[in-house]
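**Q** For reference, the structure I am asking about is given below.
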C-alpha cells in the first residue's frame, strides 16, 4: 500500500482541528495555495514560507511572522527526540492509526520525563 505524502494527510488533520487553531506553521513542503486559501477562510494565519525563487516568494517570506514561525522548531525538536528514542517506524497503516501511535509515544515520553524529574 502506497502511503500518501504528509502534505495530503496534513489537510485532513487540520480540518479535524480547525476550531482549536489560530495559526499553522509548516515548512515549504506545505506551500500550496489551496491550503492557504482554506486556512484564511477559517481565519487561521498560515505561517508557511513560499517555495521557489522569484520576487513573489521573497516578498511573502518577508511577511511571515518570524517569531511565530520559529516556534515550529520546538515541535521539530520533539519529533526528533521521539524518533531518536522510539525509532522512525510507525506500524499503523492508516493516518489516524499513525496519529494515535504518535500520541501514545508522546504520552509515554512525557511520563518518562516526569519520572526522571522526580528522581532528581
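**Q** Could you tell me whether the range 100-108 includes any residue that is surrounded by 11 or more Cβ atoms within 10 Å (Cβ to Cβ), farther than 24 Å from residue 15 by Cα and either at pLDDT 80 or above or over 19 Å from the mean Cα position of the chain (by Cα) (or both)?
**A** Yes, the range 100-108 contains a residue that is surrounded by 11 or more Cβ atoms within 10 Å (Cβ to Cβ), farther than 24 Å from residue 15 by Cα and either at pLDDT 80 or above or over 19 Å from the mean Cα position of the chain (by Cα) (or both).
**Q** Further question on the same structure: Check residue 83 against each of (1) modelled with pLDDT of 80 or more; (2) surrounded by 12 or more Cβ atoms within 10 Å (Cβ to Cβ); (3) touching a helix residue (DSSP H, G or I) at 6+ places or on another chain (Cβ under 9 Å) and name the one condition it does not meet.
**A** Going through the list (1) modelled with pLDDT of 80 or more; (2) surrounded by 12 or more Cβ atoms within 10 Å (Cβ to Cβ); (3) touching a helix residue (DSSP H, G or I) at 6+ places or on another chain (Cβ under 9 Å), residue 83 breaks only (3).
**Q** Sticking with this one: Tell me, which residue of the range 19-40 that is free of Cβ contacts under 8 Å to residues at least 24 places away in the same chain, in contact with a helix residue (DSSP H, G or I) (Cβ under 9 Å, 6 or more places away or on another chain) and assigned to a loop (DSSP other than H, G, I, E, B) is surrounded by the fewest Cβ atoms within 10 Å (Cβ to Cβ)?
**A** Among those that are free of Cβ contacts under 8 Å to residues at least 24 places away in the same chain, in contact with a helix residue (DSSP H, G or I) (Cβ under 9 Å, 6 or more places away or on another chain) and assigned to a loop (DSSP other than H, G, I, E, B), it is 21.
The values are calculated or read from the model by the stated rules, or taken from the named source; none is laboratory data. Small disclaimer: the values here were computed from a predicted structure and weren't measured. Glycine also receives a Cβ, built like all others from the backbone with ideal geometry; neighbour counts cover every protein chain displayed.
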